[in-house]
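Only one structure is covered here, and it is reproduced in the block below.
The values are calculated or read from the model by the stated rules, or taken from the named source; none is laboratory data. Not measured: the values here are computed from a predicted model. All Cβ positions, even for glycine, are placed from backbone atoms using ideal geometry, and neighbour counts span all protein chains on display.
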Amino acid sequence: MPVMTRIGLALLLAPLAACATTPTVSAPPATVSAPPANPPAGMQYLYGSGEASALSVQAWHALLGYVTAKVKARPVDSVVLADGASLDTPKFLPCGDRPLAAIFDVDETVMLNIGYEYHDAKTGRGWNAAEWDAWEKSGEGAVSAVPGAVEGVAALRGLGVTVIFNTNRAAANADATARAIKAAGLGDVVHGQTLYLSGDDAMGPRKDGRRWTISSRYCVIAMGGDQLGDFSDLFNAGQSVPARRAATLQPPIAGLWGNGWFVLPNPVYGSGLKGGFDDIFPMDKRWALPTDGEKQ
């Protein structure tokens with residue numbers, strides 16, 4: 001083969017050889033966020049602060065004072081809104097001669113999910129349905145009672161008031177939830193009698209149906225929760241953030257807080273943690289340093 005032909009052939013094959021020997025460049029690995037240095041502010045407050053524990057104990061003291069008075073002077077109506085009632089014109093289920101009961105949410109109302117929230121804070125992944133389901137099934141050793149709840153629940157039972165838990169934990173995990181409640185020091189519960197769960201009826205996470213079922217057997221004289229849905233599903237019926245807040249302040253609903261309906265603090269999760277600047281800060285209440293110019 002002539003020299004020039006060999007050179008030309010070599011030049012022709014060089015790019016092919018380069019393709020055969022050059023390694024494929026892969027995409028850089030996804031950046032993994034470092035674990036947060038500290039728990040989120042809401043967790044610091046609810047699970048670590050003396051202020052949160054004081055608020056919880058304060059709520060339980062107020063509840064016990066209210067219930068003690070109601071036991072002595074039996075009410076005609078319960079504190080459960082009837083089917084068809086509205087927040088503007090509330091109507092309550094009658095008591096009749098049914099025995100007295102108090103209804104409580106579980107998570108962050110009577111029981112703190114310390115173990116799950118530690119996992120959430122350390123991973124920074126946020127709430128995950130599969131992980132929460134695993135927590136429901138296996139987390140009984142890492143819960144604690146809300147401050148004041150153990151003493152409050154025991155006192156209610158001592159007054160002859162049946163304590164009933166109405167939670168959106170899954171009915172499929174009823175046994176594990178009962179064990180967790182007992183592990184928190186809140187006593188024994190029985191699914192379908194003193195423990196009601198999501199999946200017990202066709203209403204899913206809405207709790208009104210379960211409240212009505214309980215009210216068919218009991219005169220409910222007090223309710224406790226950390227979310228407005230623990231008192232009525234009407235609060236979550238598609239209202240805007242400002243309208244939902246306003247609904248809690250209008251009479252006669254406003255008169256129920258501390259008088260049958262008792263709220264426990266929860267700045268960590270739930271229906272109260274939403275809203276943008278325009279939802280939270282009214283235009284006529286905004287302020288900026290004079291040197292910063294006009295309100296934004």
(request) Looking only at region 207-239, count how many residues are part of a loop (DSSP other than H, G, I, E, B), within 19 Å of I280 (Cβ to Cβ) and modelled with pLDDT of 95 or more. (result) 1
(message) Consider region 106-127. How many of its residues are part of a loop (DSSP other than H, G, I, E, B) and at pLDDT 95 or above?
(response) 5
(request) Collect the residues in region 185-208 that are free of Cβ contacts under 8 Å to residues at least 12 places away in the same chain and either under 17 Å from the mean Cα position of the chain (by Cα) or crowded, with 16+ Cβ neighbours inside 10 Å (or both), keeping them in residue-number order. (result) G204
(message) Criterion first (among the small types (G, A, S), buried (at least 17 other Cβ atoms within 10 Å of the Cβ) and out of contact with any Gly (no Cβ under 9 Å at 6 or more places or on another chain)) does A121 satisfy it?
(response) yes
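Listed here are the residues, each with its yes/no results for (1) among the charged types (D, E, K, R); (2) farther than 24 Å from G158 by Cα.
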{"residue": "A184", "(1), (2)": "no, no"}
{"residue": "Q193", "(1), (2)": "no, no"}
{"residue": "A202", "(1), (2)": "no, yes"}
{"residue": "K207", "(1), (2)": "yes, yes"}
{"residue": "N236", "(1), (2)": "no, yes"}
(request) Give just the number: which of (1) at pLDDT 95 or above; (2) surrounded by 11 or more Cβ atoms within 10 Å (Cβ to Cβ); (3) within 30 Å of A184 (Cα to Cα) does G50 not satisfy? (result) (2)
(request) Consider only pairs whose beta carbons are under 7 Å apart and that are at least six residues apart or on different chains; among these, list those whose first residue lies in region 117-131 and is over 17 Å from N38 (Cβ atoms) and whose second residue is in a loop (DSSP other than H, G, I, E, B). (result) W127/Y269
(request) Could you tell me whether region 283-296 includes any residue that is surrounded by 14 or more Cβ atoms within 10 Å (Cβ to Cβ) and not in a loop (DSSP other than H, G, I, E, B)? (result) no
(request) Looking only at region 69-79, decide whether some residue is within 25 Å of R244 (Cα to Cα), in a strand (DSSP E or B), touching a Gly at 6+ places or on another chain (Cβ under 7 Å) and at pLDDT 95 or above. (result) yes
(request) Specify which of the listed residues (A176, A130, A154) is assigned to a helix (DSSP H, G or I), at pLDDT 95 or above, touching an Asp or Glu at 6+ places or on another chain (Cβ under 8 Å) and of a type in the set (A, V, I, L, M). (result) A176
(request) Can you give me the number of residues within region 243-264 that are part of a loop (DSSP other than H, G, I, E, B) and under 24 Å from A69 (Cβ atoms)? (result) 6
(message) Checking the structure you have, find out if any residue of region 131-141 is on the phi > 0 side of the Ramachandran plot, among the charged types (D, E, K, R) and surrounded by 15 or more Cβ atoms within 10 Å (Cβ to Cβ).
(response) no
(message) For the condition part of a loop (DSSP other than H, G, I, E, B), over 26 Å from A154 (Cα atoms) and in contact with an Asp or Glu (Cβ under 9 Å, 6 or more places away or on another chain), what is the one hit in D88, D83?
(response) D83
(request) Tell me which of these A101 doesn't satisfy, since it passes every other one: (1) among the aliphatic types (A, V, I, L, M); (2) touching a residue at least 24 places away in the same chain (Cβ under 8 Å); (3) outside any strand (DSSP E or B). (result) (3)
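Looking only at region 240-265, filter to residues that are without any contact (Cβ under 8 Å) to a residue 12 or more places away in the chain and over 18 Å from the mean Cα position of the chain (by Cα); which one of those is surrounded by the most Cβ atoms within 10 Å (Cβ to Cβ)? Break it down stepwise before answering.
Taking region 240-265 first, the residues without any contact (Cβ under 8 Å) to a residue 12 or more places away in the chain are 243, 245-246, 249, 251, 254-255, 257.
Going one step further and asking which of them are over 18 Å from the mean Cα position of the chain (by Cα), we end up with 243, 246, 249, 251, 254-255, 257.
Numbers: A243: 11, A246: 12, L249: 9, P251: 9, A254: 11, G255: 11, W257: 14.
Here the answer is W257.
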(request) Only residues that are among the hydroxyl-bearing types (S, T, Y) and either part of a loop (DSSP other than H, G, I, E, B) or more than 25 Å from A102 (Cα to Cα) (or both): list them for region 48-68, please. (result) S49
